[in-house]
């Protein structure tokens, strides 16, 4: 699955785990029948597996994509877990991100359709509802554990369908319970569970289970460059987001425009001389924070009645969540330290815009275009607050032959300015409907801040030759 990567388990890992389990039995971690008899770890795993394995779901979405330069549909694979007796299923956002149809294979090997109730890009979670299976009610379901009570070294099992191999289990431990991954625009609202249980493409969306047979996380990421490094979304985050997705198709968040940095940033070797609060590293242009007068370098110490403390990167998600939960269009006081003195400023957050821009397939031109979105394409948005860009170029194809490149911003087409997807769609439809004109169109593009004009000859119909 997208953003899930292959990793190889360490040789002899399972033998070491069984040995460690036997040792733990003598420390009161697991009951045993006599002081000399080690606990049967296999029985413990079997009992834990049996509580969640029946709720495991093999997910087979049909996705619609534009990255190849034309609209295509194909099937991908992922995993999920049933969390209610009437068929609610949790999985990853990226498993069903572009899905136009979703089928799910249940534990009895029956395939049923599912509808997407809601998706949340920022936490990479989605909620599905199984269809046409009322006769199976009550369905087997997994039960969530409290992820705040987890500790490094806890045994866990990753359930899922790696590479489409249905109903698989890998065993490991929790390597870290508060791993920060929010260095990009995504993953800013929670820390992660790091595990050495193998998480491969296809495991995405499946449950991470403890030895009590409870869900402690949702498997999401594997790390290509490292051995036995996988990441799962903590169960408490999953519970909070799924409750929101039951009520609405997406999670509504407030936007203030603040970019935060911990007071003690070991990644950049930046250390701020402050006892509490969090460093405001950047204010986004046109944001509510900028309008309120908050400046780069201020130390945010309080939001409304809530004190904030971001000494380390692991503390940032709680603050990001606090800011996202503010009521849009309602003023709230932000207290910052500036030059050693407190300053209180009223900030009026606004509703965060949609994450994903719309797509359009200029099929005869053999290229696809997409709306510029400040959350998904921040580098393009920095220079173009609105507009569209070339998402994909088909090879071979007319756009590729003309020299159109992926990432080019379309400024005008056929002599008409382009700011919205509606405008490029209307221009394309008008051009293609005119059978009397020469089969060429002039495109004005911005590539790496340099303007260029390209004549796109669409005489050749690559699609018909396939």
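The values are calculated or read from the model by the stated rules, or taken from the named source; none is laboratory data. Keep in mind that this is a model prediction, so the values were computed, not measured. Quick reminder, even Gly has a Cβ in these numbers, built from the backbone with ideal geometry, and neighbours come from all protein chains shown.
Quick notes on this structure:
- Residue 85 closer than 30 Å to residue 369 by Cα and surrounded by fewer than 24 Cβ atoms within 10 Å (Cβ to Cβ): no
- The single condition among (1) at pLDDT 85 or above; (2) surrounded by fewer than 16 Cβ atoms within 10 Å (Cβ to Cβ); (3) part of a loop (DSSP other than H, G, I, E, B) that residue 36 does not meet is (1).
- Matching residues in segment 53-105 - criterion: being in contact with a strand residue (DSSP E or B) (Cβ under 6 Å, 6 or more places away or on another chain), part of a strand (DSSP E or B) and modelled with pLDDT under 90: 64, 65, 72, 73
- For residue 260, the stated conditions hold: it is surrounded by 15 or more Cβ atoms within 10 Å (Cβ to Cβ), touching a residue at least 60 places away in the same chain (Cβ under 8 Å) and assigned to a strand (DSSP E or B).
- Residues that are without any contact (Cβ under 8 Å) to a residue 60 or more places away in the chain and under 24 Å from residue 217 (Cβ atoms), drawn from segment 99-115: 99, 102, 104, 106, 114
- The set of residues in segment 232-257 that are out of contact with any helix residue (DSSP H, G or I) (no Cβ under 8 Å at 6 or more places or on another chain) and assigned to a helix (DSSP H, G or I) comprises 238, 239, 240, 241, 242, 243, 244, 245, 246, 247.
- The residues of segment 263-280 that are surrounded by fewer than 20 Cβ atoms within 10 Å (Cβ to Cβ) and within 14 Å of residue 342 (Cα to Cα), listed by number, are 274, 275, 276.
- Test: residue in segment 200-212 that is farther than 18 Å from residue 55 by Cβ and either in the same structural domain as residue 322 (by TED's automatic domain parsing) or touching a residue at least 60 places away in the same chain (Cβ under 8 Å) (or both): yes
- Within segment 312-368, being on the phi > 0 side of the Ramachandran plot and buried (at least 16 other Cβ atoms within 10 Å of the Cβ) holds for one residue alone: 366.
- Every pair of residues 6+ apart whose Cβ atoms lie under 8 Å, when the first sits in segment 35-47 and is closer than 17 Å to residue 154 by Cα while the second is modelled with pLDDT under 50 and surrounded by fewer than 12 Cβ atoms within 10 Å (Cβ to Cβ): 39/31
- Only one entry of 275, 338, 307 meets the criterion of being without any contact (Cβ under 8 Å) to a residue 12 or more places away in the chain and out of contact with any helix residue (DSSP H, G or I) (no Cβ under 9 Å at 6 or more places or on another chain), and that entry is 275.
- The set of residues from segment 193-211 being farther than 14 Å from residue 175 by Cβ and modelled with pLDDT of 95 or more comprises 205, 206, 207, 209, 210.
- Pair list, Cβ under 8 Å, 6 or more apart: segment 129-140 residue in the same structural domain as residue 119 (by TED's automatic domain parsing) and under 20 Å from residue 116 (Cβ atoms), other residue at pLDDT 95 or above and assigned to a helix (DSSP H, G or I): 139/55
- Subset of segment 377-391 (residues that are more than 15 Å from residue 445 (Cβ to Cβ) and surrounded by 15 or more Cβ atoms within 10 Å (Cβ to Cβ)): 377, 381
- Count - residues of segment 261-287 that are under 14 Å from residue 334 (Cβ atoms) and modelled with pLDDT under 95: 2
- Within segment 281-290, the residues that satisfy the criterion of being in contact with a strand residue (DSSP E or B) (Cβ under 8 Å, 6 or more places away or on another chain) and either more than 20 Å from residue 312 (Cα to Cα) or surrounded by 22 or more Cβ atoms within 10 Å (Cβ to Cβ) (or both) are 283, 284, 287, 288, 289, 290.
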